[in-house]
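**Student:** Can you read through this structure? Questions will come right after.
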Amino acid sequence: MNLFKNFSWGVTTAAAQTEGAYDKDGKGPSIWDEFTKKSHKIKDKSNAKVATDFYHCYKEDIDLAVAIGLKIFRFSISWPRVIPEGTGTVNQKGIDFYNKVIDYCLIVGIEPWITTYHWDLPQKLQDKGGWANREIISWYVAYVAVLRDHFADRVHYWILINEGIVCIGGGYFLGVHAPGKKGIRNFISGTHHLLLAQAEGFKVLKQKEGLQVGTAISCTKIEPYRNTFADQKAAKRIDTLMNRLFIEPHLGLGYPIDDLPILKRISKYYNEGDLEALKTDFDFLGIQTYTREVARAAWYIPYLGALQVKPKKRNVATSVMGWETYPEGIPYFLERFAKYDPEKPLWLTECGMALSTDEDDQERIEYYKKVIQGMKAVLEKGIHVKGILLWTLVDNFEWAEGYIPKFGIISLNQKTLQRKMKKSAIWLKEYLSNMNMK
Ligand code: GAL
């Protein structure tokens, strides 16, 4: 039996990491444009003013994806390119750009998928508090309605918000991502508003018939350091934060307060009817997973009472991100999420590994072989997974890590912007073409 018969392969990209053209054709500044001005926040002191110049090179990139045999091209819309001030006037030139991307995908025969929000909030909205301001629900809804009205005639698959935990955790709690805010109040309010915004955004998109609308969830396998009650409880708190907080309220399960008591504070931000409003019957769930983390109890760490035991200390191999490469997390999370609702289609909407090398990326090939192996095991069990989207096509701006980690299957010469298929892209091309012949 060909397990991959009704299964699709594609790639995920994101505007802030690829487009460049940061102030071109009326685009407003995003929080990442602002954040990268503080060069000490970015490991190689770089920024994304040019990035991979997808704004000008989109045809070449889409052609490359097609040449490899990929069938889905997931990209995100830059909110400040479409609505420079965040609310109000729509920038026609921004709309024109995404129309060109969508139309080109359709011409060359690859399905465009849209992510409405992959972390590049308009700076103007951050000036008003960003995700910590409840008004963002209406700002986001108005933005999503603009996207629906312009693009939903041709784009059928939509992902609302990419990885809420990373967006709010990195940007509003730890301060390591834009907008660089810290603290529990920002985190708690940002979480609640982001989830409410996503739930409302879902309703706005579903006003148009025939759309498949989902979300993309960051998942990290968490294990206790020692087999003690305290470490197990610590691991459970971290698991709740990382893997449950941004999905269970949508599934009607409420906030997982019992396993992460600090979440009690969310009730301070509740309006009447909020818990009901959060319930969202997504058409599919997107799982994204890269690594595994180990937690141990640490009573002196505020809110979480837990500490991460770094991979280096555990003597496991790490990628250039400092992460343990862990493709085993893929079958684990697909099975785990299928338990919420076995009927709900799942997609692996991101997976990948970072290397510091350019073209000879044999390690990445080994990684993808393991991904395929894990996927086969899951499909054999009858779990409803519909496809894999790789992270990512072309080496790009990896947020606070700058251009150091290279996640692409295509390399980029940053001076000439020349693209070149790596060994992994050539391997994948062959793999996909063999599969199609079966
Ligand atoms: C995801 C994120 C991507 C990319 C990737 C690799 O969390 O959605 O934008 O950065 O991780 O770190």
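**Student:** Could you list K312, K71 in order of exposure, starting from the residue whose Cβ has the fewest other Cβ atoms within 10 Å?
**Tutor:** K312, K71
**Student:** Please return the longest range in the chain lying between exposed loop sites, taking GluC sites (Glu not before Pro), DSSP loop only, at most 11 other beta-carbon atoms within 10 Å, and leaving the sites out.
**Tutor:** Answer - 1-208.
**Student:** Once you've got the Cα coordinates, tell me which of K182/K268; K38/K221; K233/K268; K312/K429 are over 29 Å apart.
**Tutor:** Over 29 Å apart, Cα to Cα: K38/K221; K312/K429.
**Student:** Contour minus end-to-end for E328 and K313, with contour as 0.36 nm per residue of separation and end-to-end as the Cα-Cα distance?
**Tutor:** 3.4 nm
**Student:** I would also like to ask the following. Using only helices, what value at 222 nm comes out for the chain when you add -39,500 (n - 2.57) per DSSP H run of length 4 or more and divide by the total residues, to the nearest 500 deg cm²/dmol?
**Tutor:** Dividing the helical sum by the residues of the chain leaves -10500 deg cm²/dmol.
**Student:** Another one. Taking only C-alpha pairs under 8 Å that are 6+ residues apart, what is the relative contact order of segment 152-236 in percent?
**Tutor:** Reported as a whole number, the value is 33 percent.
**Student:** Then there's this: Run through the DSSP bridge list for the chain and note the antiparallel percent, rounded to the nearest 5.
**Tutor:** Just about 25 percent of them are antiparallel.
**Student:** Take every Cα pair under 8 Å in segment 357-438 that's 6+ residues apart, average their separations, divide by the length, and report that relative contact order as a whole percent.
**Tutor:** 32 percent
**Student:** Cα gyration tensor of segment 30-142, axes a ≥ b ≥ c as square roots of the eigenvalues: rounded (a/c below 1.5), prolate (a/b > b/c) or oblate?
**Tutor:** Oblate, since a/c reaches 1.5 and b/c is not below a/b.
**Student:** Using alpha carbons only, how many angstrom separate the centre of segment 387-435 from the centre of segment 229-281?
**Tutor:** Segment 387-435 and segment 229-281 have Cα centres spaced 35 Å from each other.
**Student:** Rounded to the nearest 5, what is the percent of antiparallel bridges among the DSSP beta bridges in segment 211-345?
**Tutor:** 35 percent
**Student:** Looking at the square roots a ≥ b ≥ c of the eigenvalues of the Cα gyration tensor of segment 8-437, which shape do they give, rounded for a/c under 1.5, prolate if a/b is larger than b/c, or oblate?
**Tutor:** Cα axes put segment 8-437 in the rounded bin.
**Student:** Report the gain in length on full extension from Q207 to K423: 0.36 nm times residue separation, minus Cα-Cα distance, nm rounded to one decimal.
**Tutor:** Result: 73.4 nm gained on full extension.
**Student:** Taking loop as defined by DSSP and a crowding limit of 15 other beta carbons within 10 Å, which trypsin sites (Lys or Arg not before Pro) in segment 350-426 fit?
**Tutor:** Answer in residue order: K381, K415.
**Student:** May I pose another question? Is the C-alpha gyration tensor of segment 275-375 telling us rounded, prolate or oblate? Criteria: a/c under 1.5 is rounded; beyond that, a/b larger than b/c is prolate, otherwise oblate.
**Tutor:** Because a/c hits 1.5 or more and a/b fails to exceed b/c, segment 275-375 counts as oblate.
**Student:** Evaluate the relative contact order of the chain (contact order divided by residue number), counting alpha-carbon pairs under 8 angstrom at least 6 apart; express in whole percent.
**Tutor:** 17 percent
**Student:** What is the fewest-to-most order of S319, S30 by other Cβ atoms lying within 10 Å of their Cβ?
**Tutor:** So the ranking, lowest neighbour count to highest, is S319, S30.
**Student:** Another question about this same structure. Enumerate by residue number the chymotrypsin sites (Phe, Trp or Tyr not before Pro) in segment 275-325 meeting two conditions: DSSP loop (anything except H, G, I, E, B), and at most 11 other Cβ atoms within 10 Å of the site's Cβ.
**Tutor:** Sites meeting the loop and neighbour criteria: W299, Y300.
**Student:** Rank the residues H40, H193 as a footprinting-exposure proxy: fewest other Cβ atoms within 10 Å of their Cβ go first.
**Tutor:** Least crowded to most crowded, the residues run H40, H193.
Here, each number is a calculation from the coordinates, and none is a lab measurement. Note that this is a predicted model, so its numbers are computed, not measured. Glycine also receives a Cβ, built like all others from the backbone with ideal geometry; neighbour counts cover every protein chain displayed.
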